[in-house]
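A quick write-up on the structure given underneath.
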Amino acid sequence: MNGISEIAAITASSQASHHGEGGFQSGRQWFPWYQIDLAKQMRIEGLALKGLQGDERQPPLFSVLVSDDGLRWLPLWTQALHEPDNARDFDIRFSRVFAAQHVRIRADAYGQLSFNSLNLMAASTTGDELSLGDTFSMIERQAADTRVVFSTLFNESDAFLGRYIDNFLAFTPENVCLALNFPTGREIPASLARISPRVHIFNGQTKREKWGHTLMIGHIEAYEEARSVFPDFRYFATMASNGLLVRHFDVAAAIMQLPLASPVPVACERAYELDQDVDPINPTYHGTWMWHHLRNSEGLGQYLKNQINLDRISVTQIEGLFARREDWELVQERRSLITELEKFSSFENFMALEELLPTSIFNQFGSGEYTHICRVLWSGTRETTVDDLIDVVPRLPAHIAAMKWFDRAPIAQSTMAVTTDWGRALLYRAHDEHPSLARFQETTLISTLLARVSQAERFGPLTDKWWNSEARGRRGFRWSMRDIRCERQQIFPEIPELCPSRVAPAILFMEATSQLVSISIAMHETGDGETTLRLSCSAVSQDGAPVSGIHLQGYLYLTGMQGSSVFRMTMRQDRCVPPDILSRTVFYDEFGYTVDYADRLERTHDTERHYFVREARGEGLQVWIGLPVFCNATAEVSLAVGPDFETGRQELS
């Protein structure tokens, strides 16, 4: 094919269709690949790929890998820029020439791998090619014999600390260690202080701020601790406390990435190319917002250039930044100079200097070779989901072992999946695409046990603590307001015979439409242990004309006054018009608001049950579920709280 060999075999992760003579198009998936088996070892000098295509949401990211057995793959070249000068045609000459039998092209994003033609520059071996076998043996020996240190700046709860360490120990080999920088003056939990010889927790001496130079100093402190506690380490990586390992860290795969010297993370969802090789005194007007703040910080650019001697500077991801000790030593040597950056800090011109300093120093004074072992979900700036762990993680490039962001609440599903033994065991099962008879029986057992566990869950009416008797709850209440101007006010529905409470159980938070809004609310408890809510709304404009169309006018917030709760919202077919009127659910916890989706969803032919797990922010504090109020729409839902519901009523009849 393409002048290579008549006996070359083509395989791929998937194939949607043939794409012209010599072309290819995969199906849509994570990290699709196309592979050539040359049937024998050949000299691989480069390739020409023409007509690379993708939709507007898919950047032209791809890597070239080679192998001598189709099992172990060496990354040889990568295109990690979102907007290269030519995003369709690539003429590539490899700086390292190997003898290989297999060549793979891997798209480094979600989407299709599609191109018009691929010409591989392959020839008979001459004997002076690099040996893949020798290279793999050398790197695997280095990976086994060397020590790697992760640095984490930890400001989370003690409860999450145990989970974080569990995650680290479960997904790293014995020669990977953790230097965890606890805040200055904060007591280190005795139960975790010596949990493993691979984990060193210490109190940093620098008070860390969200912006400025202090986060960089925090990682330098961890590096200095590592030199004392793990003196023989050879590689160092900066991690994040809200990023977690999602699979076993492959030290060899990370080392293999270093010679590529990619200035930006491979397979990154964020475009960093405009933030590379920037003049510190006259920074670009494009790229990250930090360049604007750098220009406005008088003297900072001159200090970077004249005192730290950085002729050019770059910004890239700090999460998972992996490099040799020699390169990190260059950063540590400049600690005093970095500390002096404090005089340029200001609230108005805040900067994430930890994203600027390390790679700028690596590039100017060191090898310029580094990689990133953490994938940050920049697209949508979102938290990692269970679907990500199931669908994305098994297909990640081999060197990526962590993802960010994760919810630090120990009860978050994705967090539990990677920070508990049982969560990881179930996750591994979800990755298994080849079920056996034994696996089938294991799944049957899990299903049986799960059904029994679910039977123990107890739910009761959301309004159980509103009234002191079941009879009063059955009567419920009706409340309405008419022609009230909607202008971001709070409105408290009048609830008869309500039990005394520190907080209001029902609150209307209005939007700012300036329209005259009428709302009707009816709530009562049912014999099924739920509270039924009927909600309708209409609006007229300021000139008295009825408002047409469906428009958000506010949110109705309801609490069961149970503290941390699982809210169960049951919606029956045709009871909400339009059907998706309650698709955006908001929660309030006395500190802030969050939009959330159901942690569990159960469907029958005419009913949907949404379960939302919410933690209160402290003892005696409450959580409200917020349901959107739209004009020209009606909603009827049943609400309950659990999962260990016990009535608080003295009188039950």
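The values are calculated or read from the model by the stated rules, or taken from the named source; none is laboratory data. In this text the structure is predicted, and so the values were computed from the model without any measurement. We place every Cβ from the backbone using ideal geometry, glycine too, and count neighbours over all the protein chains shown.
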Check on Lys404, touching a Lys or Arg at 6+ places or on another chain (Cβ under 9 Å), buried (at least 16 other Cβ atoms within 10 Å of the Cβ), of a type in the set (Lys, Arg) and more than 26 Å from Tyr555 (Cα to Cα): yes
Residue satisfying condition, being of a type in the set (A, V, I, L, M) and farther than 19 Å from Asp250 by Cα, within set Val176, Val148, Val229: Val229
Segment 358-400: number of residues that are more than 30 Å from Gln307 (Cβ to Cβ) and part of a loop (DSSP other than H, G, I, E, B): 15
Selected residue [without any contact (Cβ under 8 Å) to a residue 40 or more places away in the chain and part of a strand (DSSP E or B)] from Leu601, Leu552, Leu556: Leu601
Val595 being among the hydrophobic types (A, V, I, L, M, F, W, C), farther than 19 Å from Ala506 by Cβ and touching a residue at least 60 places away in the same chain (Cβ under 8 Å): no
When residues of segment 191-221 are limited to those that are more than 24 Å from the chain's Cα centre (by Cα) and of a type in the set (Gly, Ala, Ser), the one farthest from Arg334 (Cα to Cα): Ser191
Entirely in segment 497-541, the strands (runs of 3 or more DSSP E) that have 2 or more residues that are modelled with pLDDT under 95, closer than 14 Å to Leu462 by Cα and of a type in the set (Val, Ile, Thr): none
Residue list for segment 604-628, restricted to those being under 27 Å from Ile550 (Cα atoms) and modelled with pLDDT of 90 or more: Thr607, Glu608, Arg609, His610, Tyr611, Phe612, Trp624, Ile625, Gly626, Leu627, Pro628
Test: residue in segment 335-358 that is of a type in the set (Lys, Arg) and surrounded by 18 or more Cβ atoms within 10 Å (Cβ to Cβ): no
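Residue-wise test of (1) at pLDDT 95 or above; (2) out of contact with any Ser or Thr (no Cβ under 8 Å at 6 or more places or on another chain); (3) of a type in the set (Lys, Arg).
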| residue | (1), (2), (3) |
| --- | --- |
| Ser5 | no, yes, no |
| Ile10 | no, yes, no |
| Gln15 | no, no, no |
| Phe24 | no, no, no |
| Gly27 | no, no, no |
| Pro32 | yes, no, no |
| Gln35 | yes, no, no |
| Glu45 | yes, yes, no |
| Glu56 | no, yes, no |
Single residue of segment 572-595 satisfying the filter (part of a strand (DSSP E or B) and surrounded by 16 or more Cβ atoms within 10 Å (Cβ to Cβ)) that is modelled with the lowest pLDDT: Thr585
Hits in segment 604-619 (condition: in a loop (DSSP other than H, G, I, E, B) and within 20 Å of Phe459 (Cα to Cα)): Thr604, Glu615, Ala616
Residue in segment 116-125 that is over 30 Å from Arg88 (Cβ atoms) and either touching an Asp or Glu at 6+ places or on another chain (Cβ under 8 Å) or in contact (Cβ under 8 Å) with a residue 12 or more places away in the chain (or both) present: yes
Counted residues, segment 562-571 - those being at pLDDT 95 or above and more than 30 Å from the chain's Cα centre (by Cα): 0
Yes/no for Ile201 being buried (at least 22 other Cβ atoms within 10 Å of the Cβ) and of a type in the set (A, V, I, L, M, F, W, C): no
Boolean, Ser414 is assigned to a helix (DSSP H, G or I) and over 22 Å from Val176 (Cβ atoms): yes
Residue in segment 209-220 that is out of contact with any His (no Cβ under 7 Å at 6 or more places or on another chain), in a strand (DSSP E or B) and of a type in the set (Ser, Thr, Tyr) present: no
Out of Gln622, Gln562, Gln553, Gln573, sole residue that is of a type outside the set (Phe, Trp, Tyr) and more than 28 Å from Glu470 (Cα to Cα): Gln553
Leading residue by the ranking (surrounded by the most Cβ atoms within 10 Å (Cβ to Cβ)) among those in segment 255-280 that are among the acidic types (Asp, Glu), part of a loop (DSSP other than H, G, I, E, B) and on the phi < 0 side of the Ramachandran plot: Glu269
Odd one out for Thr647, checked against (1) under 25 Å from the mean Cα position of the chain (by Cα); (2) part of a loop (DSSP other than H, G, I, E, B): (1)
Qualifying residue in segment 221-231 (condition: closer than 29 Å to Leu61 by Cα and either of a type in the set (Gly, Ala, Ser) or crowded, with 22+ Cβ neighbours inside 10 Å (or both)): no
All positions within segment 20-66 that are in a strand (DSSP E or B) and aromatic (Phe, Trp, Tyr): Phe24, Trp30, Trp33, Tyr34, Phe62
Some residue of segment 534-544 being of a type in the set (Val, Ile, Thr), in contact (Cβ under 8 Å) with a residue 24 or more places away in the chain and either under 19 Å from Ile625 (Cα atoms) or crowded, with 17+ Cβ neighbours inside 10 Å (or both): no
Qualifying residue in segment 425-436 (condition: without any contact (Cβ under 8 Å) to a residue 60 or more places away in the chain, more than 21 Å from Phe612 (Cβ to Cβ), aliphatic (A, V, I, L, M) and surrounded by 17 or more Cβ atoms within 10 Å (Cβ to Cβ)): yes
Leu61 at pLDDT 95 or above and either acidic (Asp, Glu) or more than 19 Å from Arg270 (Cα to Cα) (or both): no
